[in-house]
Structures are given as C-alpha cells and as structure tokens.
C-alpha cells in the first residue's frame, strides 16, 4: 500500500515528454560516456486499472531506450559513468470513457549514477523520476484506445530516457558531475537516427 501511494504521489512531479528527438543534436554532457547499464524490474508496483506486463519486458524496453539515447554516437566523452535503473511502478492505460475518464500511462524509476574512475556514487540516494505519456495525435483520448501495452511501454521508456538525459544535464550544469558544460564543445546533429543503430552497437564496452 505504501508503494502504491508513492506511485500515485509521483504524478505530481511527472514529466511529460515524447523523447522523439534522437535525430537532433544531443545536449552537452561534458565528458560523459556510458559504461555499465543495469536495468532491473524486481517488483514494480502496478497502478490502478493498469494493463500488466512481465517485468522482463520493462528491462528490455528501458535498456533499448537508454542505449539509443546514451550510446557513443550521441554522448562520446572520455570518462565512464555507470547507470543503474530500477523500474519501481507503472500504469499502462486501458480504454476508459472518453472526455470523462481517460487514464494516462505512467512510468516511475529510481536512478543511480556511479563515477567509474573515482569508484563512487554521484547520487547519494536513488533519484526517483516519473513520466506520464505525452498528448499526441493518437493519445488525445488516452493511449489505451490506440496503443498496445508494448507500444505504451516503448513510448514511456523513450520518454524516461529523455528525462534521465535532462536530469543528468542539469546535474552537470549545476554540480559539474561530468566536468561541467564547458568540458566538451556543442555537437552537431547525428548523421543517422539513433533508431537505425542496433542496440549492440549503442552500448559501449565499460572499463574493467
């Protein structure tokens, strides 16, 4: 019950973004280069009136979304940082009653960031991040009408990866986590869309 209340409370701070910007120049992240990426979904809370999926499906969806956004074709600094993501709760909307009750899809994760060279955590405690599905042409009345559970997961995972990128950018700007904005010059837009790059190529090898 406590975790369910936290899930619902997360709606207050939910970010609303599509994450459909992988064809644009990435924001500067200093000397950031993603090393190990660990995504787990041990026991996510399933919100009210949600479709249910297997936890492993969230692991796959979030891993693919993170590789696409943080692969070396976008963020290619010289210093490895490791990311840990725990899928803590979700709602995958089902069809409701248009204009009266149109549930939205939601995803909540906890993020942990490690500095490889220093061997320390940058996050004193896991950072909880929440995203709610963005209103697009086919989700105006709720994605439960027009999207499958898998499509909802894909959209939420892409949005969460974007939200994580924005969070890391803010911490780099405010606390110079990755050397500060001045550590690397602005980059041009990628030649190929990240969606065209296989996940196996998007995940760099971490240091030993």
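The values are calculated or read from the model by the stated rules, or taken from the named source; none is laboratory data. The shown structure was predicted, so the numbers you read here are calculated from the model rather than taken from an experiment. Backbone-built Cβ (ideal geometry, glycine too); neighbour counts: all protein chains shown.
Among the residues of segment 27-58, those that are part of a helix (DSSP H, G or I) and surrounded by fewer than 18 Cβ atoms within 10 Å (Cβ to Cβ) comprise 55, 56, 57. In summary, residue 60 fulfils each of the numbered conditions (1) under 18 Å from residue 155 (Cβ atoms); (2) in contact (Cβ under 8 Å) with a residue 40 or more places away in the chain with the single exception of condition (2). Of note, residue 11 does not satisfy the criterion of being at pLDDT below 95, crowded, with 17+ Cβ neighbours inside 10 Å and outside any loop (DSSP other than H, G, I, E, B).
When each of 129, 83, 92, 111 is tested for being under 15 Å from residue 168 (Cα atoms), touching a helix residue (DSSP H, G or I) at 6+ places or on another chain (Cβ under 9 Å) and surrounded by 21 or more Cβ atoms within 10 Å (Cβ to Cβ), the lone residue that passes is 129.
Condition check ((1) under 24 Å from residue 45 (Cβ atoms); (2) at pLDDT 95 or above; (3) touching a strand residue (DSSP E or B) at 6+ places or on another chain (Cβ under 8 Å)) across all residues:
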| position | (1), (2), (3) |
| --- | --- |
| 124 | yes, no, no |
| 132 | yes, no, yes |
| 139 | yes, no, no |
| 142 | yes, no, yes |
| 146 | no, no, no |
| 150 | yes, no, no |
| 160 | yes, yes, yes |
| 172 | no, yes, yes |
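Going residue by residue through segment 180-190, is there one that turns out to be at pLDDT 75 or above, surrounded by fewer than 19 Cβ atoms within 10 Å (Cβ to Cβ) and assigned to a loop (DSSP other than H, G, I, E, B)? Within segment 180-190 (the criterion being at pLDDT 75 or above, surrounded by fewer than 19 Cβ atoms within 10 Å (Cβ to Cβ) and assigned to a loop (DSSP other than H, G, I, E, B)), the answer is yes, since at least one residue qualifies. Can you say whether residue 74 is closer than 19 Å to residue 170 by Cα, assigned to a helix (DSSP H, G or I) and either modelled with pLDDT of 85 or more or over 16 Å from the mean Cα position of the chain (by Cα) (or both), as far as the supplied structure shows? It is false that residue 74 is closer than 19 Å to residue 170 by Cα, assigned to a helix (DSSP H, G or I) and either modelled with pLDDT of 85 or more or over 16 Å from the mean Cα position of the chain (by Cα) (or both). Kindly indicate which of 66, 34 is within 18 Å of residue 151 (Cα to Cα), in contact with a helix residue (DSSP H, G or I) (Cβ under 9 Å, 6 or more places away or on another chain) and in contact (Cβ under 8 Å) with a residue 40 or more places away in the chain. The conditions single out 66.
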